Ligand SMILES: [Zn+2]
């Protein structure tokens, strides 16, 4: 008889090990002879088609879904359903998860809890509230090396909430995270110390 948590969420910033934890839990369900699937959004183009890949090299077969509703179509024979990068499925994922839970499926979903601004990401807060178990994973801060990175720092200028790619981001702790407004403003301005000699010269000129 199938037991355990019905709806598990694995969240955190980038490089926190969310996808590898998702793959690990799905593999355990497979060892228990439970029919499983992993679904990931088509708009996330970082993994090769029909695979989910973690940054530490773990990989598993996955179905690429264009929309949240497609998950219902693909999951009819599965008992345990893994959903990777759930933040990219939009608000529809909430209804889909509710429908799957009514069908007594077990769901393990992973994704970013916060976007690049540090703001809760789309449907994820609602999913976290619905979940029976929540694991919030931390990464290593790429700026200070602490073990407590919980924010995804965007390193390029863009106001789009979704900008797919790993090179444009790094994991940062709360102390090293720079909100995009301040950070992007600073990218556009010359460094502060370049202004200092001019101010000093003007003062000398006036005197
Ligand atoms: Zn840090």
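The C-alpha atoms of the chain define a longest principal axis, and helix 92-102 lies at about 30 degrees to it. Where the centre of each part is set by its Cα atoms, how far does segment 19-56 sit from segment 110-143, in angstrom? The two parts, judged by their Cα centres, are 18 Å apart. Every Cα-Cα pair of the chain was included, and the share exceeding 24 Å stands at 46 percent. Diagonalising the gyration tensor over the Cα atoms of segment 1-92 and scaling each eigenvalue by 5 before taking the square root yields semi-axes of 19, 16, 13 Å, largest first.
Note on the chain: GNM, Cα springs under 10 Å; of 115, 44, 147, the largest mean-square fluctuation is that of 147. Label sites at residue 126 and residue 59, each approximated as a point 7 angstrom past Cα along Cα to Cβ, lie 3.5 nm apart. Taking Cα atoms only, the orientation of helix 196-206 departs from the longest principal axis of the chain by about 30 degrees. Applying 0.36 nm per residue to the separation of residue 175 and residue 50 and subtracting their alpha-carbon distance, the gain on full extension is 41.3 nm. Rounded to the nearest 10 degrees, the inclination of helix 18-31 to the longest alpha-carbon principal axis of the chain is 10 degrees.
Only bridges whose two residues both fall in the chain count here: according to DSSP, what percent of them are antiparallel, nearest 5?
Approximately 30 percent, going by the DSSP bridge assignments.
Computed extension gain for residue 76 through residue 144, at 0.36 nm per residue and net of the alpha carbon distance, reaches 19.9 nm. 7 Å from Cα along Cα→Cβ at both residue 99 and residue 67: what's the point-to-point distance in nm? Placing both labels 7 Å along Cα→Cβ, they lie 1.0 nm apart. Using the Cβ-Cβ distance between residue 27 and residue 156 with R0 = 41 Å, the FRET efficiency computed as 1/(1 + (r/R0)^6) comes to roughly 0.70. Computed over segment 7-137, relative contact order equals 36 percent, with contacts defined as Cα pairs under 8 Å that lie 6+ residues apart.
In the chain, the calculated helix contribution to ellipticity at 222 nm averages -8500 deg cm²/dmol per residue, counting -39,500 (n - 2.57) for every DSSP H run with n ≥ 4.
Just so you know, all these numbers are worked out from the coordinates, no wet-lab data involved. Here the structure is a predicted model, which is why all the values come from computation and not from measurement. Cβ coordinates were reconstructed from backbone atoms using ideal geometry, including for glycine residues, and neighbour counts include every protein chain displayed.
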